[in-house]
1. 5 Å is the cut-off here: which amide hydrogens, built 1.01 Å from N in the peptide plane, fall below it relative to LEU36, excluding neighbours closer than 5 in sequence?
2. Which of the peptides 7-13, 110-116, 40-46 is most tightly packed, and how do the rest follow, judged by the mean count of other Cβ atoms within 10 Å per residue?
3. For the chain, what does the alpha-carbon gyration tensor say about shape, rounded, prolate or oblate, given a ≥ b ≥ c as the root eigenvalues, a/c under 1.5 as rounded, and a/b over b/c as prolate?
4. If a/c stays under 1.5 just call it rounded; otherwise compare a/b with b/c (prolate if a/b is bigger, oblate if not). Do that for segment 32-84, with a ≥ b ≥ c from the square roots of the Cα gyration tensor eigenvalues.
5. With a 1.4 Å probe and all protein chains in place, put MET172, MET274 in order of accessible area, largest first.
6. Tally up the carbon and sulfur contribution to the accessible surface of the chain as a whole percent, 1.4 Å probe, everything protein left in place.
7. Which net charge results for the neighbourhood of LEU102, defined as the other residues with beta-carbon distances under 15 angstrom from its beta-carbon, given Lys and Arg at +1 and Asp and Glu at -1?
8. Of ARG278, ARG332, ARG361, ARG86, which has the most accessible area with a 1.4 Å probe, and how do the rest follow in descending order?
Amino acid sequence: MKVSIYRIFPGILFSFLIACIGIYLSKFIGSEILKLTKSPISPIMISVIIGLIIGNIFNIHIIFTEGIKFSLRFILRLGIICLGIRLGLLDILKVGIVGIPLIIACIVFSILLVNYFCKLLNVPSKIGSLIAVGTSICGASAIVATSPAINANEEEVTYAIANITIFGIIAMFVYPFLAHYLFNGDELSVGLFLGTSIHETAQVAGAGLIYSDQYSSPATMDIATVIKLVRNISMIIVIPLVSYLYLKKNLKEKNTKPSILSMFPIFIIGFIIMGLIRSIGDYGIQNSYEAFGIFSNDQWQLIIDYIKSLAEYSLAVAMAAVGISTNLVSLRNLGIRPFYVGLSAAVSVGFISYIGIIFLRYFI
């Protein structure tokens, strides 16, 4: 496809400006209002909200159309690829193998439970798939990564992100205190619970900070963050699998059997490669104090921070475009039932995490 920079630039710039506002507001809420070092309110969600407001109040000029479409397709994929830089595989060793069975159990049960609740409440399987990956892996990031693979529209993506964000924020404020009561202040158990039962990475970090400040336990935040990191890595397997299952179920009428390879989102390969680059660089720093034999630790961290920022801005731009393109009337037509699915899944995953940790404590 031949793309004219002159045709896409206005829409990209428009989406970028909204994204900048969303990122600024996210940081302002976190640092100035909630007094946290990392905002629990995702800039992705704020960008969607701003885009929704603008797109539904004003008539968007045709000059912005091509750039908005470009943001929805290509800038979205760029952001997902850059997300891979967060996944330093060596960090898994900080917690050890103890948390991995719990993470697998929570992911598997959350996907099965969402599918069950969707059938029970007659919720469309497409939005159910988005809620499933958002609940089981990493919230909004997983939703936007899955949406192209199952051809989800803007309304479905927006609804699923709102669903995950609401219950994740509630959990972020409630779970630190609940976990302290349930596990009698045991740092490992609390960290495992926060890392496996809260949706978004930012929300897990926020919950860890709340717990750390309230109970003077910085180790808990480290454990929760690494456990969440391991959940994020599962994106490599879970997103292609959920996409395959959804598409297979919806292609049965055509008697077509899709191969999992054909359903594998190509941009996930870029995501994996970026994660490997991070891991190899980290390994070099730990063993020779140079990443790839070139970059010092400070330089390597600066590169990582730049790529993280690129991911954040790219996804915020894409989600601003999603908001602009979403018709609130269509969003309302999706009904309240998907929110019941999200609530049921969030509570169930918290319960599964608790039971799993109680079981694991006999072997720790």
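1. SER31
2. So the peptides 7-13, 110-116, 40-46, ranked by packing, come out 40-46, 110-116, 7-13.
3. Rounded, because the longest to shortest axis ratio a/c is under 1.5.
4. Since a/c reaches 1.5 but b/c is at least a/b, the shape of segment 32-84 is classed as oblate.
5. Result, largest first: MET274, MET172.
6. With neighbouring chains kept in place, the figure for the chain is 66 percent.
7. Here the charged neighbours net out to +2.
8. The residues order as ARG332, ARG361, ARG86, ARG278, largest area first.
The values are calculated or read from the model by the stated rules, or taken from the named source; none is laboratory data. Because the structure is predicted, anything quoted here is derived from the model rather than measured. Cβ atoms come from the backbone with ideal geometry, glycine included; neighbour counts cover every protein chain shown. We work out accessible area using only protein heavy atoms, side chains counted, and drop any ligands, DNA or RNA first. Shrake-Rupley method; radii C 1.70, N 1.55, O 1.52, S 1.80 Å.
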